[in-house]
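One structure below.
Please treat every number below as a calculation from the coordinates, not as lab data. From a predicted model like this one, the values you see are computed outputs, not experimental measurements. Positions of Cβ are generated from backbone atoms using ideal geometry, with glycine treated the same way; all protein chains shown enter the neighbour counts.
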Amino acid sequence: MRHRLLAVAALAATALALAGCTPGGDSTGQVANPGYVSGDGSTRQWAVAERGEPVTLTGTDYAGDPVDTSAWLGDVVVVNTWFAACPPCRVEAPDLAAIAAERADEGVHLLGLNRTDDAGAAQAFEKNFEIPYPSIDDRTGAATAALQGVAPIAATPTTLVLDRQGRVAARILGLLERSTLDAMIDDVLAEQA
């Protein structure tokens, strides 16, 4: 009986830890300081004719350099929302770093979008996971606002694939599977330029 109680307590603690990753959050989903909200890993792809208007994400990365996705028109862009204390963000970071390194020659760019961290926390994460691509410091919410009405960011992490025209072609809510993201990128690369 004692083992059963310990197992139930461990499961409850795990559930609370996963549900409570949002700073200031509670079990109703109301948050004072939005942060990690778990996605379910669901995916969506839009046919070319169903894609909305192009989006342009602009801002400044954590090194102070400007970032503007319009400079990458004609290429495929993968946008990933993250922050340093987000557990699934830490799990998927090595896959995103590998995709950035391995697929750059195919015209694939990666861009992080961080609405939470200051430069110290973000740069420590980037160094720890050897992230080779920039992330926009979006604590003002300006870059995220460009996605509202197109592909709202309801979970962190969320990963978007933008086609060569800058339109949202695919989305993963929550922790990504590398093979799924690679397949989405392949589909968009295969489209006529």
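When the residues of the range 145-192 are filtered to those that are of a type outside the set (A, V, I, L, M) and closer than 13 Å to Val48 by Cα, which remaining residue is surrounded by the most Cβ atoms within 10 Å (Cβ to Cβ)?
Filtering the range 145-192 down to residues of a type outside the set (A, V, I, L, M) leaves 148-149, 152, 156-159, 163-167, 171, 174, 177-180, 182, 186-187, 191-192.
Going one step further and asking which of them are closer than 13 Å to Val48 by Cα, we end up with 163-167, 187, 191-192.
Values: Asp163: 22, Arg164: 19, Gln165: 15, Gly166: 20, Arg167: 19, Asp187: 15, Glu191: 12, Gln192: 5.
The residue in question is Asp163.
So that you can scan it fast, the table gives a plain yes or no per residue for (1) among the polar types (S, T, N, Q); (2) under 24 Å from Gly64 (Cβ atoms); (3) touching a helix residue (DSSP H, G or I) at 6+ places or on another chain (Cβ under 7 Å):
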| residue | (1), (2), (3) |
| --- | --- |
| Asp138 | no, yes, yes |
| Val161 | no, no, yes |
| Gly174 | no, no, yes |
| Glu177 | no, no, no |
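Listed by first and then second residue, the pairs with beta-carbon distance under 7 Å, at least 6 apart or on different chains, first residue in the range 100-117 and in a strand (DSSP E or B), second among the charged types (D, E, K, R) and crowded, with 18+ Cβ neighbours inside 10 Å, are Val108/Asp75; His109/Asp75; Leu113/Asp138; Asn114/Asp137; Asn114/Asp138. Restricted to the range 107-124, and to residues there that are over 10 Å from Asp137 (Cβ atoms) and more than 17 Å from the chain's Cα centre (by Cα), the residue that is surrounded by the most Cβ atoms within 10 Å (Cβ to Cβ) is Gly107. For beta carbons closer than 8 Å, sequence separation of 6+ or different chains, a first residue in the range 44-60 that is closer than 10 Å to Val168 by Cα and a second that is of a type in the set (Ser, Thr, Tyr), the qualifying pairs are Val55/Thr69.
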